[in-house]
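Q: Encoded as structure tokens, here's the structure I'll be asking about.
The values are calculated or read from the model by the stated rules, or taken from the named source; none is laboratory data. Small disclaimer: the values here were computed from a predicted structure and weren't measured. Ideal geometry is used to build each Cβ from the backbone, glycine not excepted, and the neighbour counts take in all protein chains shown.
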């Protein structure tokens, strides 16, 4: 089994936690402290929110500022078009911002938003019959 851990720098940990809770995600308190929060998106997908100072402990050089420059797009599969729209709505309601226009290609549907720190998320749905 493989897992993915996405590490994101945040300027205000409590604000970031409220945002991700507003998306409907839970937290693993065992791997959270005053400088980090372990957000459980799915059984094998975890986002580690780290204060910028804590994030700096893991990188060489400067910590990038996602509010100024985009360096990664985090695509997240959804079970339906409605779930894509729901995540976008929740994101905006909890301090996020729309990033690009919704894309509807018939067999694939995607939206995008930033969290309060500027980290980009792209919830997307793809018709299962299109990938067979």
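Q: What are the residues in segment 34-50 that are in contact with a helix residue (DSSP H, G or I) (Cβ under 6 Å, 6 or more places away or on another chain) and within 14 Å of residue 115 (Cβ to Cβ), if any?
A: Hits for segment 34-50 are 37, 39, 49.
Q: In segment 106-132, how many residues are in a loop (DSSP other than H, G, I, E, B) and surrounded by 14 or more Cβ atoms within 10 Å (Cβ to Cβ)? Show your work before the answer.
A: First pass over segment 106-132, keeping only residues in a loop (DSSP other than H, G, I, E, B): 106-107, 111-112, 115-119, 127, 132.
Checking which are surrounded by 14 or more Cβ atoms within 10 Å (Cβ to Cβ) leaves us with 111-112, 115-119.
Within segment 106-132, residues that are in a loop (DSSP other than H, G, I, E, B) and surrounded by 14 or more Cβ atoms within 10 Å (Cβ to Cβ) number 7.
Q: Report yes if some residue within segment 46-54 is assigned to a helix (DSSP H, G or I) and surrounded by 12 or more Cβ atoms within 10 Å (Cβ to Cβ); otherwise report no. Reasoning before the result, please.
A: Let us first name the residues in segment 46-54 that are assigned to a helix (DSSP H, G or I), namely 52-54.
Applying the additional criterion that residues be surrounded by 12 or more Cβ atoms within 10 Å (Cβ to Cβ) yields 52, 54.
Yes - at least one qualifying residue is present in segment 46-54.
Q: Consider residue 72 against the criteria (1) under 14 Å from residue 117 (Cβ atoms); (2) under 15 Å from the mean Cα position of the chain (by Cα); (3) at pLDDT 95 or above: it satisfies all of them except one. Which criterion is unmet?
A: Failing condition for residue 72: (3).
Q: If we keep just the residues of segment 61-105 that are touching a helix residue (DSSP H, G or I) at 6+ places or on another chain (Cβ under 6 Å) and in contact (Cβ under 8 Å) with a residue 60 or more places away in the chain, which is surrounded by the most Cβ atoms within 10 Å (Cβ to Cβ)? Walk me through how you get there before you give the answer.
A: Here is the first cut: in segment 61-105, the ones touching a helix residue (DSSP H, G or I) at 6+ places or on another chain (Cβ under 6 Å) are 63, 78, 90, 94-95.
Now narrow it down to the ones that are in contact (Cβ under 8 Å) with a residue 60 or more places away in the chain: 90, 94-95.
Numbers: 90: 18, 94: 16, 95: 15.
Among residues in segment 61-105 that are touching a helix residue (DSSP H, G or I) at 6+ places or on another chain (Cβ under 6 Å) and in contact (Cβ under 8 Å) with a residue 60 or more places away in the chain, the one surrounded by the most Cβ atoms within 10 Å (Cβ to Cβ) is 90.
Q: Does residue 96 satisfy the criteria of being under 20 Å from residue 22 (Cα atoms) and in contact with a strand residue (DSSP E or B) (Cβ under 8 Å, 6 or more places away or on another chain)? Give the steps one after another, and end with the answer.
A: On the way: under 20 Å from residue 22 (Cα atoms): yes; in contact with a strand residue (DSSP E or B) (Cβ under 8 Å, 6 or more places away or on another chain): yes.
Here the answer is yes, as residue 96 does meet what is asked.
Q: A further question follows. Keeping to segment 89-105, report how many residues are within 17 Å of the chain's Cα centre (by Cα), farther than 19 Å from residue 49 by Cα and assigned to a strand (DSSP E or B).
A: Within segment 89-105, residues that are within 17 Å of the chain's Cα centre (by Cα), farther than 19 Å from residue 49 by Cα and assigned to a strand (DSSP E or B) number 1.
Q: Of the conditions (1) touching a strand residue (DSSP E or B) at 6+ places or on another chain (Cβ under 8 Å); (2) crowded, with 16+ Cβ neighbours inside 10 Å; (3) closer than 27 Å to residue 109 by Cβ, residue 36 fails just one. Which one is it?
A: The number of the failed condition is (3).
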